[in-house]
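Scroll down for the structure; my scribbles are underneath it.
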């Protein structure tokens, strides 16, 4: 991965405490340089989508308390409409197969359950995304040559 | 044929015509010829025709050829026209015999080339010059025309190519037929790959399109074969280069991994060295503690003069050994980059007085004169590391005293310069001792170096003192220098910068007046080694203090819960529960502010930092210096507002179990107070509205909202260290909520959650203020 490049990371969660914790965890990563933007709602995330994030970590349940708020899947759809290439990792407190499958159907890159190990998983997925993108790009290059 | 008619025909022909004799002289010309040459018939007749061309030799040669071969076709020449202009022409001619009655001769046609024709010729030359083979084929697939490149690539002459079947020249004739079928079917073909059957089997791509006559009927097709062998070669080279690049990236990555391994190995080595030194120091200090301690105890008892002399010798040797260990450890710390400098307010005058005081008796003993110069422009209180400054001055003074037998030792301080924030102070120690030879001057700051190898025999010392001084000065951003003349004396001077401050200096430990009134302190010693237990009891009882012993941290905690103490002396390495764990428990769980002093044989900075971080007030290195111990105890007990009685009360109040635990937050924020405060503040903002939502939704039987509210509470439980029982309780509430019905116990559980969250909020508020006041203390 290009080490000079700052990774623009969007964190979206309506739980302010968890959001701060996550932001702090990413800031403390010594090997990856993040440019982090945090949003408490899906609407705010979409407003700033033109900043072209490299990765978005998105909470599944954004409309729990605010009934009119856009939920995680709606936000995910809007992101994918804007640019289907932006990888989105869904985050949820629910460890349920339907939720995971639903996220995958809406083209989330991965699904992580909010637990003690959640950050570690996120931390592992991000390099995996870039690795995957690189492979995809190389494959496209070879296909073009064929 | 009528001669007259012939004449008229010639005369009126639009192209210039001439009839010449076999000698090349003009016999007759037509009107067009006189026009183009701008001369009359009379003037032209009988002149050499070749003379009217820019290249008369070529013209003459053509005329000769004409008579030899009876004809010449479209030979290109340049004619000199009237008014001196030139024109491109084509010359054609026919020789005739005398059957027309005029004798032997030849008729010559001059045909002016128009621009259109030039364009056609130009186009043709372009086609011929193309490196790609070009063919035209008719609807039957026969070749009708081609360019030079086609001839070269097929190696068949132009005449032989014309009229042959186009498809014959390829390795796969059927495919070639498909090409021209495609051209005629679709009107064009693009990039159709074929291989030409030449010596090299050249690979080509075919492009072609049909051409039509004016009425739109397809006449044939033009096909272009592009030789792609070079392209193919480049492509394969590119692929090779790519593979090669990937291979070398792999090699580079291997090298990087190796380098990383090497770095890790090196780092491990440094860590191992640090660990070794730390262990060694611990292993030596522990027995030394007992040796020196009991020697001191013995020295206080009734002794014969001889016994006293021997015991003094033991104590001095022990002291010297401790100094050596300290020196080695200091250097190791500097090497490992672990040397940390404090930034505390202190008074330089007091520091220097204290240092001089230590040497007073020695100086008097050696009958030396001690002078002191102090620059009063230096601000009274400055910020720096007084302990390290002491260490530097102590080392320099001790050298000065050691190497001087008569004369004066001068200690001076001078304000070099100052700006808004900083002052630069020069310290100098000047002696009239043995001095240092010029060739040794450079070496004296190196490890284990003394000016002469005999020095240590004569004067003692480890040879580490100056090395440490240099490191201490330079690591604080200062510089040290020495001026010396053998047998006259040396001057060591160093410059350090200090920050200015308005804050008053802390009570200097060295200047506290010992309060002989302080008696009857209750002190708990947590120490596992019996010898050291005995030594501590002896010392503390000697001070007039009461003393209890706990063999490990766990016992110590039990004893504190039973009985109040004024101070704890805490050994760090103990079985069951070590000093760090015990202190952490006392500070975080029991919330006691009782002073705790670490007893450590292990004085690496790493451990000292840890002592502070778990909440110890101070530390004292083994072997314990009696006076230092007393001073530290008295200072802490006086400084602390909480006496044993108030602590007992404090303990009682704290009995109510705390529901939050900052350990997780401390660990996750790496003890960053700002971050911890931010997190706590966020929790305090977010939680009360959530509690309200939870209660209201239960009341309204809005199960979805109840589910969501509890859902949002869950992640912060673990962050704030709230017991996992409540997290499970919250999940149970969620389960009930998702079944959409009132269940037994749900009210009770929501109440419990509300209570725990409220308690957490109040505890966290307290915690927030604690952190805040602590950081403010640090700032001031």
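Look at residue A:11 and say whether it is surrounded by 18 or more Cβ atoms within 10 Å (Cβ to Cβ) and within 13 Å of chain B (Cβ to nearest Cβ).
On the way: surrounded by 18 or more Cβ atoms within 10 Å (Cβ to Cβ): yes; within 13 Å of chain B (Cβ to nearest Cβ): no.
The answer is no for residue A:11.
Assess whether residue B:18 counts as being touching a helix residue (DSSP H, G or I) at 6+ places or on another chain (Cβ under 6 Å), in contact (Cβ under 8 Å) with a residue 60 or more places away in the chain and not in a loop (DSSP other than H, G, I, E, B). Even if it seems obvious, please write down each step before you answer.
Numbers: touching a helix residue (DSSP H, G or I) at 6+ places or on another chain (Cβ under 6 Å): yes; in contact (Cβ under 8 Å) with a residue 60 or more places away in the chain: yes; not in a loop (DSSP other than H, G, I, E, B): yes.
Judged against the criteria, residue B:18 is a match.
Being within 14 Å of another protein chain (Cβ to nearest Cβ) and surrounded by 11 or more Cβ atoms within 10 Å (Cβ to Cβ) is the requirement here; does residue B:235 meet it? Outline the logic, then answer.
Values: within 14 Å of another protein chain (Cβ to nearest Cβ): yes; surrounded by 11 or more Cβ atoms within 10 Å (Cβ to Cβ): yes.
It is true that residue B:235 is within 14 Å of another protein chain (Cβ to nearest Cβ) and surrounded by 11 or more Cβ atoms within 10 Å (Cβ to Cβ).
In region B:705-734, how many residues are in a helix (DSSP H, G or I) and away from chain A (no Cβ under 12 Å)?
First, the residues of region B:705-734 that are in a helix (DSSP H, G or I): B:705-719, B:724-734.
Restricting the remaining residues to those that are away from chain A (no Cβ under 12 Å) gives B:725-726, B:728-729, B:732-733.
Selection size over region B:705-734: 6.
Can you confirm whether region A:125-133 contains a residue that is over 30 Å from residue B:238 (Cα atoms) and either more than 13 Å from chain B (Cβ to nearest Cβ) or assigned to a helix (DSSP H, G or I) (or both)? Talk me through it step by step, then tell me what you get.
Residues of region A:125-133 that are over 30 Å from residue B:238 (Cα atoms), as a first pass: A:125-126.
Retained after the next criterion (residues that are either more than 13 Å from chain B (Cβ to nearest Cβ) or assigned to a helix (DSSP H, G or I) (or both)): A:125-126.
Yes - at least one qualifying residue is present in region A:125-133.
Identify all residues within region B:573-608 that are at pLDDT below 85 and within 38 Å of the chain's Cα centre (by Cα); write none if there are none.
B:602, B:603, B:604, B:605, B:606, B:607, B:608
So which residues in region A:42-53 are surrounded by fewer than 18 Cβ atoms within 10 Å (Cβ to Cβ) and in contact (Cβ under 8 Å) with a residue 40 or more places away in the chain, if there are any at all?
If the condition is that a residue be surrounded by fewer than 18 Cβ atoms within 10 Å (Cβ to Cβ) and in contact (Cβ under 8 Å) with a residue 40 or more places away in the chain, then A:51, A:52 are the ones that fit.
Looking at residue B:349 and the list (1) modelled with pLDDT of 80 or more; (2) more than 47 Å from the chain's Cα centre (by Cα); (3) surrounded by fewer than 16 Cβ atoms within 10 Å (Cβ to Cβ), which single condition is not satisfied?
Exception for residue B:349: condition (2).
Counting just the residues of region B:301-320 that are under 22 Å from residue B:465 (Cα atoms) and modelled with pLDDT of 80 or more, which one comes out surrounded by the most Cβ atoms within 10 Å (Cβ to Cβ)? If you could, list the steps in order and put the result at the bottom.
Filtering region B:301-320 for residues under 22 Å from residue B:465 (Cα atoms) gives B:315-320.
Remaining after also requiring modelled with pLDDT of 80 or more: B:315, B:318.
On the way: B:315: 17, B:318: 19.
The qualifying residue surrounded by the most Cβ atoms within 10 Å (Cβ to Cβ) is B:318.
Here is a yes/no grid of residues against (1) within 53 Å of the chain's Cα centre (by Cα); (2) modelled with pLDDT under 60; (3) more than 19 Å from residue B:394 (Cβ to Cβ):
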| residue | (1), (2), (3) |
| --- | --- |
| B:489 | yes, no, yes |
| B:501 | yes, no, yes |
| B:505 | yes, yes, yes |
| B:509 | yes, yes, no |
| B:514 | no, yes, yes |
| B:518 | no, no, yes |
| B:526 | yes, no, yes |
| B:539 | no, no, yes |
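Kindly check whether there is at least one residue in region A:25-41 that is more than 10 Å from every other protein chain (Cβ to nearest Cβ), assigned to a helix (DSSP H, G or I), touching a residue at least 24 places away in the same chain (Cβ under 8 Å) and in contact with a helix residue (DSSP H, G or I) (Cβ under 6 Å, 6 or more places away or on another chain).
no
Consider residue B:396 carefully, then state whether it is closer than 25 Å to residue B:497 by Cβ and in contact with a strand residue (DSSP E or B) (Cβ under 7 Å, 6 or more places away or on another chain). Write out each step before concluding.
Working: closer than 25 Å to residue B:497 by Cβ: yes; in contact with a strand residue (DSSP E or B) (Cβ under 7 Å, 6 or more places away or on another chain): yes.
For residue B:396, the condition - closer than 25 Å to residue B:497 by Cβ and in contact with a strand residue (DSSP E or B) (Cβ under 7 Å, 6 or more places away or on another chain) - is met.
With the condition kept exactly as written, say whether any residue in region B:101-122 is under 60 Å from the mean Cα position of the chain (by Cα), exposed (fewer than 15 other Cβ atoms within 10 Å of the Cβ) and in contact (Cβ under 8 Å) with a residue 60 or more places away in the chain. Outline the logic, then answer.
At the first step, the residues of region B:101-122 found to be under 60 Å from the mean Cα position of the chain (by Cα) are none.
Within region B:101-122, not a single residue is under 60 Å from the mean Cα position of the chain (by Cα), exposed (fewer than 15 other Cβ atoms within 10 Å of the Cβ) and in contact (Cβ under 8 Å) with a residue 60 or more places away in the chain.
If we keep just the residues of region B:51-71 that are in contact (Cβ under 8 Å) with a residue 24 or more places away in the chain and closer than 24 Å to residue B:117 by Cβ, which is nearest to the chain's Cα centre (by Cα)?
Applying the filter and picking the extreme gives B:54.
Would you point out the residue of region A:93-121, among those that are surrounded by 18 or more Cβ atoms within 10 Å (Cβ to Cβ) and within 14 Å of chain B (Cβ to nearest Cβ), that is farthest from residue A:25 (Cα to Cα)?
Step by step, filter region A:93-121, then rank; the result is A:99.
Just to be sure before I move on: is residue B:753 at pLDDT 80 or above and away from chain A (no Cβ under 14 Å) in the structure I sent? First the steps, then the outcome.
Values: at pLDDT 80 or above: yes; away from chain A (no Cβ under 14 Å): yes.
When the stated conditions are applied, residue B:753 passes them.
Can you go through B:225, B:241 and tell me which one is surrounded by 10 or more Cβ atoms within 10 Å (Cβ to Cβ) and farther than 30 Å from residue B:138 by Cβ? Before you say what the answer is, go through the steps one by one.
Numbers: B:225 fails: farther than 30 Å from residue B:138 by Cβ.
On inspection, the qualifying residue turns out to be B:241.
Working carefully through the options B:48, B:44, find the one that is crowded, with 18+ Cβ neighbours inside 10 Å, at negative phi and touching a helix residue (DSSP H, G or I) at 6+ places or on another chain (Cβ under 9 Å).
Working: B:48 fails: crowded, with 18+ Cβ neighbours inside 10 Å.
The unique qualifying residue is B:44.
Out of all the residues in region B:663-704, which are at positive phi and at the interface with another protein chain (Cβ under 8 Å from one of its Cβ atoms)? So that I can check it myself, show each step before the final result.
Quick first cut of region B:663-704, residues at positive phi only: B:670-671, B:701.
Correct list: B:670 only.
Name the residues in region A:54-85 that are more than 14 Å from chain B (Cβ to nearest Cβ) and surrounded by fewer than 17 Cβ atoms within 10 Å (Cβ to Cβ), would you?
Hits for region A:54-85 are A:74, A:77, A:78, A:80, A:81, A:82, A:83, A:84, A:85.
What about residue B:743, is it within 22 Å of residue B:591 (Cα to Cα), at pLDDT below 85 and more than 10 Å from every other protein chain (Cβ to nearest Cβ)? If you could, list the steps in order and put the result at the bottom.
Numbers: within 22 Å of residue B:591 (Cα to Cα): no; at pLDDT below 85: yes; more than 10 Å from every other protein chain (Cβ to nearest Cβ): yes.
Considered against the rule, which asks whether it is within 22 Å of residue B:591 (Cα to Cα), at pLDDT below 85 and more than 10 Å from every other protein chain (Cβ to nearest Cβ), residue B:743 comes out as no.
Within region B:523-539, restricting attention to residues that are in contact with a strand residue (DSSP E or B) (Cβ under 8 Å, 6 or more places away or on another chain) and free of Cβ contacts under 8 Å to residues at least 40 places away in the same chain, which residue is farthest from residue B:296 (Cα to Cα)?
Per the criteria, the residue is B:533.
Count, please, the residues in region B:533-547 that happen to be surrounded by 19 or more Cβ atoms within 10 Å (Cβ to Cβ) and either in contact with a helix residue (DSSP H, G or I) (Cβ under 6 Å, 6 or more places away or on another chain) or assigned to a helix (DSSP H, G or I) (or both).
Here is the first cut: in region B:533-547, the residues surrounded by 19 or more Cβ atoms within 10 Å (Cβ to Cβ) are B:535-536, B:539-540, B:545, B:547.
Going one step further and asking which of them are either in contact with a helix residue (DSSP H, G or I) (Cβ under 6 Å, 6 or more places away or on another chain) or assigned to a helix (DSSP H, G or I) (or both), we end up with B:535-536, B:539-540, B:547.
Selection size over region B:533-547: 5.
The values are calculated or read from the model by the stated rules, or taken from the named source; none is laboratory data. Not measured: the values here are computed from a predicted model. Because the Cβ atoms are built from the backbone with ideal geometry, glycine has one as well, and the counts that use them run over all protein chains shown.
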